[in-house]
Each structure stands twice: as structure tokens, then as C-alpha cells.
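Novice: Here's a structure for you.
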């Protein structure tokens, strides 16, 4: 699954790192490092983390696998 | 036909082309569909593959945690676009409304969004840049290559340039226990963006984490061995250092060359636009159908005396894309101005560095909260008696307050004490190295005498 | 425009008669987002003003910065970090966080999930054969109490003892010298002393001993910030013990009440258990356990909206009102678990954001999911149910429900 965090909004509350510790990790006291491509097995935890973000800064894909680019220059 | 009818028809079956299929391009496309644009949408990008996120490339990817291919951006919605990827645009014809691609194709449009971003500034000697072990970091291929080089356990990494990207890479090297030398022409890291006071803090942080930090030096030569592998760097003071990896982190070059004959106000400083993200032409007149967003846009900010400012900030790309897309499908009266206060972050040496405002638009700086030695503080920047920016080190929860101070042109230094104000807090000169402009480069000449014939001509310089 | 005297509305909110439904009064209060009271204090009730001031470094949580001393019991003891400012607040919270969450102990809360589920299942097992259940006494109280006792290292069997103290402390939080009997305050102060002595006694036994509970770890851990003093540990444990269950009791009970009032949502939750995640967020907005931060102090002059709040002023923050502000939330009085962009104030905001929020979330998610799954056609016996006295930590004192046999 795909995840992106708007780190300009993130204030380091670490709620995501509590709820999905394998995907969201605190680097020091306040800085968030995360896996933007976690395994689907983590989906439940990631959705919990996204819901709990006080800044609502975590975006999880809405349409995995659909609408991929087609017709590249090589085709 | 009224303009309302024209707009309605454009929204239902007009043609939008987005040049630059990265963060700004993708978010613009999503916003267009959100706003009910049902016409044709074409995404043009010079890289293959879906739009991906770049900030992790100098962080999670280089630690080895996340594969370089794992930063594909999540989608907010279906965009139903035609994707033309792997080939750059090389021209824009405003007489016929076509984008020219490098492979000769021409793509017609009614409205176009330019979000071609920046590329890494390469090492200035081409043969040296081509040595094995010499890297820049901008694309995922770059990051993947550098990650592999770091994983191989180099004896030493040389980072050239101690801006944010260079500092983040040095931090990762120390995290991976790799010896690292950082060479910076300025007197301290981050000094060009944040000034001398914060630069000194950044220097402390680097040294405390075991970085061999060399400031005020210039790398003059990258030397390869017989196999074409980088193995030694020469400095302008005559000294040398042996290393297996050199990372060139000297900032970016805005991708505007393809617009040189377009008649737009495009140059090395970006593409000038209004706060509605509509491009200006060379004469500084507003265009109707050409929009700009992201790193390549050069947009006026009323808070900063309406100066044109280019920002290579993640959230700036997102917000400009949304404003540009909204305005592409809106009547004049419904258009939005892009008026955000710039926001930036960097993660290095276990510290979350964040800024709001434009720190380079300042003459003084004062630490308002926390402790500089503990690397937990907020510093406010002021210009002629008002707050124009703030920077926090592991103190991001307060920055919203400083954003409000900037928005309300609050007095500088902030007059009211806080419980965690340092005892010796007093404003000092912000001290940027050399004459600092928000961008540089003379790029046009003006010709003609009568008001009716005064015109601007681009003067492309060799850079 | 923001500074009008509106003592009537506030007193009507604090009055017990408003406990079942304070929300119409909050709406009235929000018409003056920053309201100066007769006694010189300020009440802030609108969302933007609340989030603004919660991130304002001139807002102090330290009672010593009030120009007029406060009567509340907390004022006389070593403050816990909830009542301190940076840098002390930050240091103590970091020290406590080392044993509770990231970056030092990231997996603790998620690791508790099996235990939480087992406790919940055990409590629901006891419902068998009962036609009437009190969601508070039979479930929402014993569950988080058991959890916080285990986490802190407080013997569960001492609960009857500290239960009385905790109630007295909470009752005294909204003590008003003009209307309340002095006894209410005295009881609260005595209970604070007794609770501290009790925790101090437990702490004494933990020095130099191994153990995974928080008291033992705080007593023996030396991190980069050094070690907490015993007094600081007692204050921290005191805070976590009280906040660690009182608020969760109310969140779970408010949640069950809200579900029973919204049968279609209850049925949806039964059918789609994943709904619990956004549902608990919406609950934190719609029926939060903490309604009011009863006081903060202006460390220096604070500008909120158009009002300058002078240094030393007492400031009351109406969080639950902010979460129902129509200027921020569309259709705010509707309980909508599908709500997007739900930046509620249920756990506060800024540096004092609820320390135990992640645990409270997980506890409530598990509790409501299991209640809904296992109760057979539950019905409210009385609506509204009887409420606890406190307008600050608001929730039913009992929630009687009937289930089919």
C-alpha cells in the first residue's frame, strides 16, 4: 500500500508511531520517518494511525493499482 | 457566447496538458477532476513510472529501510489521464497551443500547467561527474545508486555542499556508521537558508555526530583511479581527502530551458506567475491559459513586499497545484490567490528542523524559546521590526503561533516573554553570507522607446 | 466584539442541570468566542481561537503564573507535567514517555492489544444471564482501571481505596468558592494528600528492584535527561492513575450511549468492524470525555482574535464546544463516523496533547467493538442517563441497558 505524510503539517505527536510502530518511527524526539510502501498486512494499523493523526497529515492511497500510467513514450 | 458558456464547455470537454508528472502535476490533476473537469487530461513526464515522492530519497531510502522504488505517491482519486512518460517536453508554442515533445510529437491543449520542477545541479566538470562513485540525489535512480554505494561500506563519503540535502545525507552516513566529510563553501551548514546563528547550531550538530565538517573550503577536483573510480578530492587550500563516494549536493537547476522560445517569463530563476499561478509572458503581462506550479514557479508573495519567490518546498508544490488547478476551471471572480506562508522541514541528526516564512527575508534573528545547546528551540526572524519567519529545532508544536505572527505582521522582536525564553535572548544580525538575493541571474534586456513598443527579450546566459 | 460579559451562560453550563446536554449552551457561548467573565477570567469556546491559544507559547499551565491564586487542590502539591510549562514540562513528559511510547518504547501500546481484548471478553462474559447491565460499573470502569493499575504497577485490589480519593479529587476540580461548600475543596485536598502518600508508599518498595511497570521503571531508569525525583514520580503516577481511567470510562460510556442513540450506526459497526477506527475519532469530537480545561494562565499578554488577555489572567478552555463549532465542522451536531478531516479537540492540542491518548483510543476501539458484537439487541433503560457531577470530565455515572436473553 502507498502512504505519504505531509511533514510540513506534522508536529511530532507520534500518535502514528504508537499505533503502527513498524511503519511510522520517530527519529529522535520529534522527527517522523515512515515507510511509504508498507506491506498490505499493515493496512489495519496504518489506517488506525492515519485516523489518529491530530493534523490529519497522513494520506493513504484511495485506489491502489488502478489508473496506472498507460501509453508511455516507448509504447 | 458568454464567458460562462465558454468555461462550461471547457470544463466538460476541454483539453488540459500537465507538463511535469511529479507531486505538483499529480495533485493538480486530482484537483481538476475534483472540481468537475471531465475533458481530456494528458500527463507529460521525463521520467518513467508513476509520480513518486522525493523527500524520502535522502532519508528512509538511504538508510536502506525503504527501497528507492517504494515511494510512489498515493492517489487521492482516479484522474483518468493519458500518460506520456519517459520523454521530456522540449518546447511550448503559444501561437498554436501545442507542447512539443523531444521525440517530435506535438500535444495540443486549451490550457496547460507547467510543473517541470528542478533537477540536481551536476558537478561542474563532466568527466569528473561521470566517475564511478560520484552521485547527485534527485531521482529514485540516483537514490538507489547511492544507497547501494553506502551499503557496500565505503571507507569514507565526501558530501559536497552542506545545505539541507547534503546535511541529511551526512546524517544518514553517521547513522550507518560510515565516516563522512562535509565540504561547504560557506562558513557553516544551512547558513545560506537560515543564517549564521542557526548555521552554527547545525555545525555543532554535525560535529557532535562525528562528521568531519570543513567550512569555507571549495572542492576543486574529483580525482579518479585507473578504473575510473572516484578515490580522492582536492580542496582549494591544497589539501586532499581520500573517499570512495562523493555526493554532489549543490542544489538544483530549474527545468525551464525548454521554454526559452515560448515567450514566457522563464529563466534560471523559474517561471514568473501571479498569485493565481498564471504565467507571465516575457513582458510581464499575465497569460490566460498557461499555469505554473511547484519548484519551477516563481510567485509573488504579498507578505514579502510582493516579491517573486521560488520555493523548493513539498507543501508549496501541493498547494500551488491545487490553486492552479482550481483556477484553470474557474471564472475570474472565483479564482483563488496562492497566499500560503512557506513551510519547510528537514530531518537530520535526530532533530526535526522546521521553518515557517522566508528566513532569508530578515535582518535580525532572536531565539525566543528553548535551549540552543540542547538543540530544542525556536528562533524568530525579523525584517525592519516585524516577524517574517521562524525556525524550530525539535519544537514544531509552537510554529503555528509564529505563522500567525507572520500573517499579522506582528512586531519583532516579539515583545511578550514566554516561560521558556532563554535568559540572554536578544536579537542579533541574521548574517547571510554575501549579498543574498532570493534568486539570481540577469536574464532579460528591454528594448524600444514608445510605450507601445517597449518589449522584453530573453537573454539566455551560459551558466 | 469578542469581549462581552457572559457570566450567565458559563454558570448555566457548569450547573448540574446542563450536564445531560450542554451543547446548546456551548453554541450560545461561542457567539462570544473570547468571553471576559465578571471575575476577570476569560472563557474561550470557538475552534480557531482554541487551537490558536493551545499553540501560543504565552499560555501557561502553571498555576503560579495566575495573578489571583487559585483555590483548587492541585495548587499546593508538586505539579505534574500537565500543570507545568517548558522546559520542565517537556523534560518530565519525555522521561515518562520513555516507558510508554515512541521513540524509546514504540510497541508498548499495540503490544497490549491481546491483554485488552482478554479483559474486555472476561467482563462481557459476566453479563451472561443478566437482563440489566450497568455499562459503567460492570464494564467501562473496571476495564481501564485494570489496565492502568497493571501499567503503573498499582495493585488492583487497592482500587476501592483509591477510587474514593480519585472521586474526591475530580469533584474538587470545578470548586467555586462562591457557590460550593468549603467541604468540597477540603475533601479534594485531603484526597490528594492521601493518594500521594499511597503512591509514595508503593514507590518506596520499587527502588533498586527490577520490574516492567511504570513506577518501577521511573524509579530506576537513568536516561539522557537523568532520573525523576521521587516527588516527581509520585506526581506523574498520580496524574496517570487519575487520567488513565477516569477519562476512558467516560469515553467508552459516552460511546455506548451514542451508539444506542444511533441504531443505524450501531448496526453498521456490527457489520463493518473497521468502522470503529473513524467512529472513535468522531466520538472524541462529538461526545468527548474531557469537556473543559478549567484553567490556564496568561504568562504575558496574549492576543486572541481581537482581544488582548492581560498577563496573569485565568483562562478557561471549552474544548468540547470547539469540537462542535460550525465554523470548523460541517453539521457539527450530527454524529457522523464517515466525517473527513476530523481534527477534533478530544485530546486537546499542542504540547499538552493527551499523554495516554493512544491507549485510550485502543481501549475504546476494542471495548465498543466487543460490546456491539456480543450484546443482543441492547436497549437504553433511561435516556438521558444520570450524569456524574463534573462538567469538566463529563460522562454518565450509570448507563443501564437491557439485553435480550
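Throughout, read-outs are computed from the coordinates displayed, never taken from laboratory work. Note that the structure is a prediction, hence the values are computed from the model and not measured. Note: ideal-geometry Cβ built from the backbone for every residue, glycine included; neighbour counts use all protein chains shown.
Novice: Taking the 0 to 90 degree range and rounding to the nearest ten, how far is the long axis of helix B:3-13 tilted relative to the main principal axis of chain B, both from C-alpha atoms?
Specialist: Approximately 70 degrees, to the nearest 10.
Novice: Gain in length, residue C:402 to residue C:180, computed as 0.36 nm per residue apart minus the alpha-carbon separation, to one decimal in nm? Numbers along the way, then the final one.
Specialist: Numbers: separation 222, 0.36 × 222 = 79.92 nm, distance 3.64 nm.
The residue C:402-residue C:180 span can extend by a further 76.3 nm.
Novice: To the nearest Å, what is the center-to-center distance of the range C:334-405 and the range C:232-257, using C-alpha atoms only?
Specialist: Taking the Cα centre of the range C:232-257 as reference, the centre of the range C:334-405 is 13 Å away.
Novice: Let me ask something additional. Sort C:311, B:426, B:397, C:178 so that the residue with the fewest other Cβ atoms within 10 Å of its own Cβ comes first and the one with the most comes last.
Specialist: Least to most surrounded, the residues fall as C:178, B:426, C:311, B:397.
Novice: Relative contact order of the range B:120-252: what whole-number percent is it, with Cα pairs under 8 angstrom and at least 6 residues apart?
Specialist: It rounds to 33 percent for the range B:120-252.
Novice: Please report A:53, B:277 as a ranked list, fewest other C-beta atoms within 10 angstrom at the top and most at the bottom.
Specialist: With the sparsest Cβ surroundings first, the list reads A:53, B:277.
Novice: Going 7 Å from the Cα of residue C:379 toward and past its Cβ, which residues in the range C:134-151 have a backbone nitrogen under 19 Å from where you end up?
Specialist: What the label zone holds, given the 19 Å backbone N cut-off, is C:134-135.
Novice: Under 19 Å from a label point 7 Å along Cα→Cβ of residue C:39: give me every residue in the range C:309-324 with its amide N that close.
Specialist: C:309-319
Novice: For the range C:13-50 and the range B:218-297, what is the centre-to-centre distance using only Cα atoms, to the nearest Å?
Specialist: Result: 55 Å between the Cα centres.
Novice: Express in whole angstrom the spacing between the alpha-carbon centres of the range B:18-41 and the range C:77-147.
Specialist: After rounding, the separation between the Cα centres reads 45 Å.
Novice: If each residue's Cβ is checked for other Cβ atoms within 10 Å, how do C:216, B:71 rank with the fewest at the top?
Specialist: Ascending number of Cβ neighbours within 10 Å: C:216, B:71.
Novice: Still on this structure, I have one more. How much length would be gained if the chain were fully extended between residue C:227 and residue C:110, taking 0.36 nm per residue of separation minus their Cα-Cα distance, in nm to one decimal?
Specialist: Working: separation 117, 0.36 × 117 = 42.12 nm, distance 2.62 nm.
39.5 nm is the gain from fully extending residue C:227 to residue C:110.
Novice: Under the definition of Cα pairs under 8 Å and six or more residues apart, what whole-number percent is the relative contact order of chain C?
Specialist: 26 percent
Novice: Select from C:384, C:181, C:326 the residue whose mean-square fluctuation is largest in a Gaussian network model of chain C (Cα-Cα springs shorter than 10 Å).
Specialist: C:181
Novice: Same structure, new question: Can you tell me the length gained on complete extension of the stretch residue B:3 to residue B:288, counting 0.36 nm per residue apart and subtracting the Cα distance?
Specialist: Working: separation 285, 0.36 × 285 = 102.60 nm, distance 1.28 nm.
Stretched out fully, the residue B:3 to residue B:288 stretch lengthens by 101.3 nm.
Novice: So, one more: Per DSSP H run of at least 4 residues, take -39500 (n - 2.57); add these up for chain C, divide by its residues and hand me the 222 nm value, nearest 500 deg cm²/dmol.
Specialist: Using -39500 (n - 2.57) per qualifying helix, the result is -14000 deg cm²/dmol.
Novice: How high is the relative contact order of chain B, given as a whole-number percent (alpha carbon pairs under 8 Å, six or more residues apart)?
Specialist: Answer for chain B is 13 percent.
Novice: So what's the angle, to the nearest 10 degrees on a 0 to 90 scale, between helix B:164-175 and the longest Cα principal axis of chain B?
Specialist: Once rounded, the angle reads 40 degrees.
Novice: Considering the zone a paramagnetic label at residue C:67 would reach in this model (a point 7 Å from Cα along the Cα-to-Cβ line), which residues of the range C:18-37 have amide N under 17 Å from it?
Specialist: Flagged as within label range: C:35-37.
Novice: Just to confirm the number: angle between the C-alpha axis of helix B:314-328 and the first principal axis of chain B, 0 to 90 degrees, nearest 10?
Specialist: Helix B:314-328 sits roughly 10 degrees off the main axis of chain B.
Novice: Could you give me the radius of gyration and the Dmax of the protein assembly as shown, taking only the C-alpha atoms into account and expressing both in angstrom?
Specialist: Just the Cα atoms of the protein assembly as shown yield Rg and Dmax of 29.8, 98 Å.
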